[in-house]
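Below: one structure, written as structure tokens.
Taken together, the values in this text are just the output of simple stated rules run on the coordinates, not laboratory data. None of the values given here were measured: they were computed from a predicted structure. Neighbour counts run over all protein chains shown; Cβ positions are idealised from the backbone, glycine included.
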Amino acid sequence: MTPSADVDWAALRAQARDAMSHAYAPYSGYPVGVAALVDDGRTVSGCNVENASYGLGLCAECGLVSELQRTGGGRLTHFTCVDGKGDILVPCGRCRQLLYEFGGADLLLETPAGILPLAEMLPQAFGPDHLTK
Ligand code: THU
């Protein structure tokens with residue numbers, strides 16, 4: 001995987017901010033954007049899409065993993081998430097699980113506390129390996 005220092009995190013964050021600008025968040029008023037690098041060099045992104053039936057709202061990460069799969073699959077390697085101000089945001093718990101499916105423990109996340117592997121953000125994760133043991 002590309003080392004964290006060789007990744008242009010500011011450019012990735014700019015893509016997350018652009019995605020955030022397309023968010024549909026009329027109920028929470030809390031737009032979110034995400035972007036990630038894929039192991040083949042692609043970039044994927046997403047924004048939250050809420051719903052009048054509040055519980056059906058989709059986090060930005062849902063759009064990101066959907067785009068990942070739709071555009072050819074692969075593994076997520078580097079991920080960032082921003083709020084409506086463009087500031088770095090931690091992904092919610094459910095979305096850490098979504099990211100684990102496609103990035104695993106080594107996926108690097110940009111967080112307010114620095115660049116961290118998903119293993120530290122989702123310890124002892126349940127994942128695909130459990131289903132094959
Ligand atoms: N949200 C995301 O899109 N991703 C996260 O990781 C955190 C929360 C969205 C869901 C909802 O539309 C809004 O932020 C407020 O919770």
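What the table below lists for this structure:
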quantity: Three-way shape call for region 30-133 based on the alpha-carbon gyration tensor, with the a/c threshold at 1.5; calculated: rounded
quantity: Table column - 3J(HN,Hα) (Hz), region 93-100, Karplus curve with 6.51, -1.76, 1.60, x for Gly and Pro; calculated: x, 4, 6, 4, 5, 4, 5, 4
quantity: Helix-only CD estimate at 222 nm, as mean residue ellipticity for the chain, using -39500 (n - 2.57) per DSSP H run (n ≥ 4); calculated: -9000 deg cm²/dmol
quantity: Inter-site label distance for Gln97 and Asp8 at 7 Å from Cα along Cβ, in nm; calculated: 3.6 nm
quantity: Relative contact order of region 9-121, defined on C-alpha pairs under 8 angstrom at six or more residues apart (%); calculated: 22 percent
quantity: Net charge over other residues, Cβ less than 13 angstrom from the Cβ of Pro117 (K, R count +1; D, E count -1); calculated: -2
quantity: Cα-based shape type of region 2-46, given that a ≥ b ≥ c are square roots of the gyration tensor eigenvalues and the cut on a/c is 1.5; calculated: prolate
